[in-house]
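Shown next, in structure tokens, is the structure this report addresses.
The numbers here are math on the coordinates, done by the rules we state, and not lab data. In this text, all values refer to a predicted model and were calculated from it rather than measured experimentally. For neighbour counting, all protein chains shown are included, and Cβ atoms are generated from backbone atoms with ideal geometry for every residue, glycine included.
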Amino acid sequence: MRSLQPVLIITIASHVLAAPTLADDAALAIEAVLSKQAEAWNRGDIDAFMEHYWKSDELTFSSGGQTTRGWQSTKENYQRRYSTREKMGQLTFWELEVTPLGAAAALVLGRWQLKRDESPVAGNFSLVMRKIDGKWVIIHDHTSRAEAP
């Protein structure tokens, strides 16, 4: 039995080290949410894009020195600002950094770009996301445009 102990310890340690962590699971799930958002946006589907925001009056969205409160107001702002497919362009996210803030919350940093024929735009964002009813949703979005070079 004594000769099996090192083998048993190594076997258990390799399984523990190979197992995905809670942080890895959260990062993968959150990256999947952002991928679904980009897909919805690129189809011109603001309704599907908004499914990943917390459907609450407590949702906050900060941009351009203003803070919008509430899911409905945020959706209406998107619809007003991006009223045509041309204005929407093609959305990409990259340089994503997910930092868990416990088992059911995370801070997400990243960059975004809208490729469009007229006036492409890009910038960075920070999101606070929570897992509510088993689903990761954005509860706060702070999006900024980068200065033109």
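Only residues that are over 22 Å from Val98 (Cα atoms) and in contact with a helix residue (DSSP H, G or I) (Cβ under 8 Å, 6 or more places away or on another chain) were counted in segment 56-83, giving 10.
In this structure, is Ala106 part of a strand (DSSP E or B), of a type outside the set (Val, Ile, Thr) and in contact with a helix residue (DSSP H, G or I) (Cβ under 8 Å, 6 or more places away or on another chain)? It is true that Ala106 is part of a strand (DSSP E or B), of a type outside the set (Val, Ile, Thr) and in contact with a helix residue (DSSP H, G or I) (Cβ under 8 Å, 6 or more places away or on another chain).
Are any residues in segment 42-72 of a type in the set (Phe, Trp, Tyr), free of Cβ contacts under 8 Å to residues at least 60 places away in the same chain and in contact with a strand residue (DSSP E or B) (Cβ under 7 Å, 6 or more places away or on another chain), and if so, which ones?
Filtering segment 42-72 down to residues of a type in the set (Phe, Trp, Tyr) leaves 49, 53-54, 61, 71.
This time we only want the ones that are free of Cβ contacts under 8 Å to residues at least 60 places away in the same chain, so: 49, 71.
Selection gives Trp71 alone.
Which residues, taken from segment 111-139, are surrounded by 15 or more Cβ atoms within 10 Å (Cβ to Cβ), within 16 Å of Pro100 (Cβ to Cβ) and not basic (Lys, Arg)? Scanning segment 111-139 gives Ser126, Leu127, Val128, Met129, Trp136, Val137, Ile138, Ile139.
Is there a residue in segment 110-133 that is touching a His at 6+ places or on another chain (Cβ under 6 Å) and closer than 28 Å to Asp57 by Cβ?
Yes, segment 110-133 has at least one match.
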